[in-house]
1. Could you check the spin-label model distance between Ser108 and Tyr42? Points 7 Å from the Cα along Cα→Cβ, value in nm.
2. Write down Rg/Rh for the stretch 1-95, rounded to two decimals, with Rg from the C-alpha atoms and Rh from the Kirkwood relation over Cα pairs.
3. R0 = 22 Å: FRET efficiency of Ser157 with Tyr124, Cβ-based, nearest 0.05?
4. How do the peptides 26-34, 62-70 rank, highest first, by the average count of neighbouring beta carbon atoms within 10 Å per residue?
5. Any chance you could run the full-extension gain for Ala11 through Thr58? It's 0.36 nm times the residue separation minus the Cα-Cα distance, nm to one decimal.
6. Please give me, ordered by residue number, the chymotrypsin sites (Phe, Trp or Tyr not before Pro) of the stretch 23-63 that lie in loop per DSSP and have at most 14 other Cβ atoms within 10 Å.
7. May I ask you to compute the full-extension gain from Asp67 to Ala146, defined as 0.36 nm times their residue separation minus their alpha-carbon distance, rounded to one decimal in nm?
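Please treat every number below as a calculation from the coordinates, not as lab data. The model shown is predicted, which means the values in this text are computed figures rather than measured ones. With ideal geometry, Cβ positions are generated from the backbone for all residues, glycine too; neighbour counts draw on all protein chains shown.
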Amino acid sequence: MSDSQTPQSFANAHVAWLVCLYVVLSKVRREGLMSIEADIEYCARPESVFHQFPQTQTQPYLEFAADVLRMMVGGNLNGEELTVYAEHYIAGLTAKGGVFSGAGADESLLRTIWLSLWAAMNGYAPQVAVEFGRQGVPVKLKPAFAELEELLRTSRSQSRQQGKQRREGGLDAAAESFIASLG
């Protein structure tokens, strides 16, 4: 992992998820929905964007986000149908006696993730989508608007740097492969 891909740590899991989803949704905005297919299928692997945010590696939250994103990528669901899916998913994870309720499935964190994804699915820009998600964060954990903006700005800068490194590395590798094939 290069220095620019060093995992990031945030004040709490809500903030980590907001920044992570911003990165994911920005990638979708730039490259299309299919560009995140590998990230969601292999979300626990080091090459996944989620791996840059260790606080997002906790279950059931990572599974929930990956499942909703998977439905967005592969399903032909409209917003209303996906809302029903997410609401039932959240209810199942937070139900008394459920698998995660004893471990403390945080409904506000699930709602933060869902609100961000819902807003993106409805066409809002990544920055606006995570602002929807910020409204699901409990007041005592909620970052100020300006604080979140600064985190997103830093994230955007790191993401651009990583993209540039990937493009340069990919181009160099492709050029070397081509040259080797000639000889």
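1. My value for the distance between the label points is 3.6 nm.
2. Details: Rg = 13.6 Å, Rh = 14.0 Å.
Rounded to two decimals, Rg over Rh is 0.97.
3. Values: r = 22 Å, r/R0 = 0.99.
Here the calculated transfer efficiency is 0.50.
4. On the way: 26-34: 14.8, 62-70: 19.6.
Top of the packing list down: 62-70, 26-34.
5. On the way: separation 47, 0.36 × 47 = 16.92 nm, distance 1.54 nm.
Full extension from Ala11 to Thr58 adds 15.4 nm.
6. Working: sites: Tyr42, Phe50, Tyr61; in loops: Tyr42.
Those that pass, being in a loop and sparsely packed, are Tyr42.
7. Working: separation 79, 0.36 × 79 = 28.44 nm, distance 3.03 nm.
Gain on extension, Asp67 to Ala146, equals 25.4 nm.
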